[in-house]
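S.K.: Quick one: the structure is below, and I'll ask about it shortly.
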Amino acid sequence: MNITNVLVVDDDIAVCRIVHRMLSDEQYTVQTSQSVADALGAIEQKPFDVYVMDYKLPDGSGLDVAERIRSKWGAAPIILISGYDPSAVALRAEKLSISDFLEKPFSREIVCNAVKKAIGSPPAAASDDNIIRKDVSPTRSRSSTRILPDFRRFALFGKRAHR
């Protein structure tokens, strides 16, 4: 069995701890950082199999870290997490080939399935309430939404399309 190394970057220590616990429970090796500077230090030391990072950090953005990952390590999967509207980062995220975008708050199932998908493992079966979809139903609660990386529709329309 291969051990998957994950770097989680979020300035909120509680989010780092929660995501660390969620992914550790799934047998991933997880390292956390709370800033761009810390994350850059971590990626200079070694590559990770998957990166899960917040968009807004106190000393920059997760996309600043993503640029360094791309230049140093190539096409490793990067999952961006944020409480902000994805259309604000759509163009830059698309240029950096961000693998996925998760809106905060997210469930254990959502983040674990995103990581599994990123490394090529089949995701766990989703419950009826947390089915992973490309378009989000307007009746679905925010905590169970997941936006797949079709950032072009955000850039063109400025907000998420609902069906």
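S.K.: Might you tell me the accessible area per residue for region 1-91, computed with a 1.4 Å probe and given in Å²?
M.R.: 46
S.K.: Report, by chain and number, residues whose modeled amide H sits under 5 Å from the one on Leu102, excluding near sequence neighbours (fewer than 5 apart, same chain).
M.R.: Under 5 Å from the amide H of Leu102: Leu80, Ile81, Ser82.
S.K.: Under 10 Å from the Cβ of Thr4, count the other residues' Cβ atoms, weight Lys and Arg +1, Asp and Glu -1, and hand me the total.
M.R.: Summing Lys and Arg as +1 and Asp and Glu as -1 gives -1.
S.K.: Further question: Once amide H atoms are built 1.01 Å from N in the peptide plane, which residues 5 or more positions from Val30, or in another chain, come under 5 Å H to H?
M.R.: Val6
The values are calculated or read from the model by the stated rules, or taken from the named source; none is laboratory data. Quick caveat, the model's predicted, so the values are computed rather than measured. With ideal geometry, Cβ positions are generated from the backbone for all residues, glycine too; neighbour counts draw on all protein chains shown. We work out accessible area using only protein heavy atoms, side chains counted, and drop any ligands, DNA or RNA first. Shrake-Rupley method; radii C 1.70, N 1.55, O 1.52, S 1.80 Å.
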